[in-house]
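S.K.: Just passing along the structure, written as structure tokens.
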Amino acid sequence: MNARALLIVALAAGLLTACGGNSDEPPVAVDERVVPTSATASPLAYTDYVATRPLEDALEPLVVQAVVPPVSDVDEPLPLR
């Protein structure tokens with residue numbers, strides 16, 4: 001009985017080791033200068049994104065040529081926090 005349990009444990013450990021997740025793909029770099037698409041999903045998301053931006057002059061400027069701020073015909077204007 002112990003030999004069988006030991007064999008099952010060894011087999012399970014071997015299978016888990018085989019699933020090591022060794023990926024050859026490099027991680028995707030996030031460009032901090034680009035406004036994420038999630039920020040333009042709604043007026044609230046846009047306001048939250050703008051409010052959480054750090055107020056530092058040393059940061060690279062945002063690329064905003066393609067950014068279209070979301071609008072709502074039913075929501076009240078949101079104040080910046």
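S.K.: Of all residues in region 58-75, how many are of a type in the set (A, V, I, L, M, F, W, C) and loosely packed, with under 10 Cβ neighbours inside 10 Å?
M.R.: 5
S.K.: Now for a separate question. Which of the following residues is assigned to a loop (DSSP other than H, G, I, E, B) and surrounded by 10 or more Cβ atoms within 10 Å (Cβ to Cβ): 55, 78, 44?
M.R.: Residue meeting the stated conditions: 78.
S.K.: Can you spot a residue in region 14-26 that is in contact with a Leu (Cβ under 9 Å, 6 or more places away or on another chain), assigned to a loop (DSSP other than H, G, I, E, B) and at pLDDT 75 or above?
M.R.: No, that holds for no residue.
S.K.: For region 64-80, indicate whether the set of residues that are in contact with a Ser or Thr (Cβ under 9 Å, 6 or more places away or on another chain), at pLDDT below 85 and aliphatic (A, V, I, L, M) is non-empty.
M.R.: Scanning region 64-80, I find at least one residue that is in contact with a Ser or Thr (Cβ under 9 Å, 6 or more places away or on another chain), at pLDDT below 85 and aliphatic (A, V, I, L, M), so the answer is yes.
The values are calculated or read from the model by the stated rules, or taken from the named source; none is laboratory data. Given the structure is predicted, the values throughout are model-derived calculations rather than measurements. Quick reminder, even Gly has a Cβ in these numbers, built from the backbone with ideal geometry, and neighbours come from all protein chains shown.
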